[in-house]
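These notes are about the structure you will find just below.
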Amino acid sequence: MSSTIDYDPITLEIIQSSLQSTADEMFSVIRRTAMSSIIYEVLDMGTAVLDADGELASSGAGIPAFVGVLDKACKEVIKTIGLDVGPGDVFLTSDPYHGGVTHLNDIVVIMPVFGAPGQLVAWTANIAHNSDVGGMAPGSASGDATEIFQEGIRLPPIKAISGGEPVSQVFDILRLNSRMPDALDGDLWAQIASARTGARQLQAVCERYGVGAFREACRRYMDYGEQVSLRALADMPKGTFSLTEEIDDGRVLSVEVTITDDEFVVDLRDNPEQSTTPTNCTRDAAMIPVQMVFKSLTDPGIMANGGTFRPVRLLTTPGTAVDPIEPAPMGFYYDLLLPLYDLLWRCMAQAVPERLGAGHFASVCATLIGGTHPDNGRPYSIIEPQVGGWGATGRRDGNSAMFSGVHGDTFNCPAEINEARNGLYVNRMELNTEPGGEGRCTGGRGIVMEYEIRAEDGHATLAFTRSKYPPWSAEGGEGGSPNYFELIKAEDGSTERLSFAAGVPTKPGDVIRIVTGNGGGHGDPSDRDPDLVRDDIANGFVSPERAAEIYGVNVN
């Protein structure tokens, strides 16, 4: 509802800035207090401030895909719990079918904010990947799962703290279902501390400027986000654009995008039926890559809020892989989410090639390694996304060793942390110099990374996409190189090259070698500046023989 009060625009701007600073401070709290390296080092988390209706008011740093989770989770809490909430209450959810959106490892923490007694003005929310939430496999990630019940404990919206006091039974159930209860407990309390910190800061803002001004600032900020999106849509080509592509597991994904002056409609109705493998994603999750590509096309320079995505409309068919019906498993949802994101990117590159580069390695390259720590006897379980190469644009080479579009502002776990906390050695990390991605502008380089196992009872689960179909090129460039990994057995030195493995037993001395792909090239390789080719040779990115073959440049 529009306000009749003429609020000072400077005051409203200060409040809007406080929304962003609050989300950032919440992010910092989790980073400083979490127990698991996947959170405090990799930053596999996200934070946000939501208005009283659960609309995104401001997002913090972290995984871009998580920005699109928290508003959806909050609305599910409101739908399930209602607005009969009080100061100090904290809610949890993780189930993809009931507000969790992604998979069961990602626990969402949500807290109501009261600007004055009885006046709900906002919610603080965060999400983080927890190392083990039960299920049939360590790390709660199994490629053999055929239903979500096998992937861990399911949390619908549930009150974990009531009036500031923990509901002890909730924490008891969570701990009892985890193989790493101390880590889960510590990480969850870090998330709760984050939500509480955000709530205190927003309450202070309301006390200083008033509840009315706070609500008006949120409303106007979202209206501004919508205006920015509509202005960008007005400058985009109008019409319908479509693309179909086979992905590694043999399924064929289809997308159709219709752009008008005031809408960005994405039609995913013609997609495969839901799978009994854990590579499905909910409709809410399918909306995330849509929002991310839309944001890239409109105004990526400002923060996203609920108004930003008002022009976006998504069409899906229930019972398909992008809108499954319970109890389809979700553990590796990102192996569908990222191909979908990449397909949308490629589809829109047809319409606005000057804004979007060639394809990137487009995979989480999820690497889960666990066992019993040989030094302290404690179980450990790491799950790491890997970095890879991004596609070139018409103006510059692609970035090397960056996370995928879904992971964004995250980091690789330092070797020192992995070796100290997770009972293995990191023997090697270097850029991937395999052929692929050549062009007038070249694709960025992936990496080669080697983990040496120390645990006697080790196990590994890895899931890589873009292994069969490498990153796509643009304007006559060369396609990128594939993602894959190799299992090298200490016992006999044998090497097996794979793109997926679930629950593989490992022994001390075994090596897991990760190879992530180079991004796609842009433009005819013969048009590349010869001096840049010579630099590539000098840096070891391309051999003299390959340079002569693909670029026509001889260094002899």
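Only one entry in Thr244, Thr260, Thr277, Thr240 is surrounded by fewer than 15 Cβ atoms within 10 Å (Cβ to Cβ), under 23 Å from Tyr469 (Cβ atoms) and among the hydroxyl-bearing types (Ser, Thr, Tyr), namely Thr244. Tell me whether segment 293-306 contains one or more residues that are within 22 Å of the chain's Cα centre (by Cα), under 30 Å from Gly135 (Cα atoms) and not assigned by TED's automatic domain parsing to the domain that holds Gly519. No, there is no match, as no residue in segment 293-306 is within 22 Å of the chain's Cα centre (by Cα), under 30 Å from Gly135 (Cα atoms) and not assigned by TED's automatic domain parsing to the domain that holds Gly519.
Quick one: in segment 296-334, of everything that is charged (D, E, K, R) and modelled with pLDDT of 95 or more, which residue is farthest from Ser275 (Cα to Cα)? Lay out the reasoning, then the answer.
Step one: of segment 296-334, the residues charged (D, E, K, R) are 299, 310, 313, 323, 326.
Next, only the ones that are modelled with pLDDT of 95 or more stay: 310, 313, 323, 326.
Values: Arg310: 31, Arg313: 25, Asp323: 11, Glu326: 11 Å.
So the residue we want is Arg310.
Of the residues making up segment 439-488, those that are in a loop (DSSP other than H, G, I, E, B) and among the charged types (D, E, K, R) are Arg440, Arg445, Arg454, Glu456, Asp457, Arg466, Lys468, Glu475, Glu478. Filtered by the rule that a residue be small (Gly, Ala, Ser) and more than 23 Å from Gly239 (Cα to Cα), segment 323-358 gives Ala328, Gly331.
Would you confirm whether any residue within segment 487-499 is in the same structural domain as Asn399 (by TED's automatic domain parsing), touching a His at 6+ places or on another chain (Cβ under 7 Å) and surrounded by 18 or more Cβ atoms within 10 Å (Cβ to Cβ)? No, segment 487-499 has no match at all. On the stretch given as segment 10-33, residues that are of a type in the set (Lys, Arg) and surrounded by fewer than 16 Cβ atoms within 10 Å (Cβ to Cβ) total 1. If you filter segment 496-533 down to residues that are without any contact (Cβ under 8 Å) to a residue 24 or more places away in the chain and under 31 Å from the mean Cα position of the chain (by Cα), you find that the one that is farthest from Gly388 (Cα to Cα) is Glu496.
Against the list (1) surrounded by fewer than 15 Cβ atoms within 10 Å (Cβ to Cβ); (2) assigned to a strand (DSSP E or B), the condition Val426 fails is (1). Among residues that are at pLDDT 95 or above, under 22 Å from Gly446 (Cα atoms) and either of a type in the set (D, E, K, R) or touching a Pro at 6+ places or on another chain (Cβ under 6 Å) (or both), Gly521 is not included. If you check Leu155, Leu188 for being under 17 Å from Met111 (Cβ atoms) and in a helix (DSSP H, G or I), only one passes: Leu188.
If you filter segment 461-471 down to residues that are surrounded by fewer than 23 Cβ atoms within 10 Å (Cβ to Cβ) and out of contact with any Phe, Trp or Tyr (no Cβ under 7 Å at 6 or more places or on another chain), you find that the one that is nearest to Ala392 (Cα to Cα) is Tyr469.
The values are calculated or read from the model by the stated rules, or taken from the named source; none is laboratory data. All figures in this text were calculated on a predicted structure; none of them were measured in a lab. Heads up, the Cβs are rebuilt from the backbone with ideal geometry, glycines too, and the neighbour counts pull from every protein chain shown.
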